[in-house]
Amino acid sequence: MRSAMEVLGNIIWGTTDSRPGDAGYETERALSAVRGFSNMGLFVVALYGACASPAGHVVSGACVALVAATGAFAVGGFMGLLFGTPRISGGSAAGNGASPPSGAGAARQTAPQAVQQNTSLERVVDWVTTLIVGLGLVNLKEALEYAKRVSVWLTGAIVSPGGPAPVANGSAGAAILVSYAIAGFFLVFLWARRYMPREMRAAEIDEIQNQLELTRAAATKIGEIALTQGSAAATGTPWQGFGDLQALANQGFDPATIEELAKRYAGAHDYNDEPLANFGDAEDTQTHRRLEASLDAVVDNMVWGAVLTVRSTDPAKSLKDKVAFLVHHTLPPIARVVTPTGGVATLTVPTGGTYVAGAIVANEKTRLAFDLSTVPGAPAAFLRA
């Protein structure tokens with residue numbers, strides 16, 4: 001059992017996680033020193049406030065001195081946080097050894113690179129820091145004069161809590177404010193530099209792991225749906241699947257477009273990749289075809305039915321040829337050919353989240369793409385995925 005002195009020492013100086021020679025050991029020692037001397041300084045500040053106050057105001061004087069020290073420490077700590085907040089790099093915690101499960105691309109919520117750090121705090125910190133430094137340099141003379149008046153006022157408040165009395169100088173007040181402002185600055189600055197990046201990293205990795213678990217569950221559910229539905233989707237529309245895009249050439253689709261698609265899908269390795277990004281627009285004004293998307297009833301709490309539809313925008317140019325719907329590379333088969341019915345080709349694809357879907361039309365050079373994150377009326381849960 002630890003002795004009372006050990007407990008008291010840990011309260012005053014804190015504890016260190018590293019040992020001599022470890023990375024960050026010196027920083028932890030500095031943190032411990034600043035914390036320890038700041039804690040012990042509070043006793044000195046309170047003692048000064050009690051001794052400098054007139055009889056009958058001992059407690060009031062000590063409290064005023066302690067409040068002043070605490071306030072200065074808080075201001076210094078705020079400045080330390082501004083200057084010590086780590087910057088968020090463009091990388092991610094993908095190096096945690098987790099590998100994407102098959103079908104995970106459908107659940108966009110899960111990718112390590114998809115977990116984007118919120119940089120709002122970073123922008124605010126930059127703005128406030130620039131503002132403070134700029135105003136401080138411009139108004140340096142006035143700031144020093146104002147600090148002098150505050151020090152004199154604080155000294156008077158300590159020596160005469162019942163009503164600040166005029167004092168010759170504010171050395172005591174200045175000593176309290178400056179020392180604790182500096183202590184607060186260095187304590188929070190060193191903490192932000194030593195521990196804040198680690199905490200941010202750990203939080204990011206935890207979020208990634210949680211979302212990976214959701215992805216695995218969604219991918220499993222999508223696979224179960226595919227097995228039960230076979231080649232007929234929820235709408236009952238039959239389709240023919242092609243995992244090899246080159247096989248589409250025998251179906252009458254444009255060879256040049258197929259070659260481009262093959263290269264796009266060949267370069268997609270991670271489930272964050274979007275092979276159909278910038279492939280085309282939702283509407284091809286030259287061929288008068290439009291790709292639309294909506295959400296069918298929720299199949300499961302993690303899986304939606306994405307209804308993809310290609311139709312003609314010109315009644316005189318009805319859609320008669322086969323349509324190859326292009327889905328995410330983690331949802332094989334990547335190409336699913338549908339024969340239009342009544343001038344409309346429709347396909348329902350189970351998905352755990354958003355991605356860019358596409359479509360091409362046989363005997364045409366139609367190139368269509370639709371970002372499922374822009375589905376009208378989509379629930380927030382689907383858009384976050």
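Odds and ends about this structure:
- Shape category assigned to the stretch 233-384 from the gyration tensor of Cα positions, a/c cut at 1.5: oblate
- Net charge contributed by nearby residues that have their C-beta within less than 9 Å of Val307 (K/R +1, D/E -1): -2
- Close amide-amide hydrogen proximity is noted between Asp281 and Ala369, each under 5 Å apart and 5 or more residues distant or on a separate chain (H modeled in the peptide plane; Pro and chain starts excluded).
- Per-residue extension of 0.36 nm, minus the Cα-Cα distance of Ala282 and Ile132, leaves a gain of 49.2 nm for this segment.
- Extension gain, Asn210-Asp296: 0.36 nm per intervening residue step, less the Cα-Cα distance, totals 28.3 nm.
- For the stretch 316-377: rounded, prolate or oblate by the Cα gyration tensor [a/c cutoff 1.5]: prolate
- Prolate/oblate/rounded call for the stretch 247-309, Cα gyration tensor, a/c under 1.5 rounded: oblate
Laboratory data are not the source of any read-out in this text; all were calculated from the coordinates shown. Since the structure is predicted, the reported quantities are computational estimates derived from the model, not experimental observations. Heads up, the Cβs are rebuilt from the backbone with ideal geometry, glycines too, and the neighbour counts pull from every protein chain shown.
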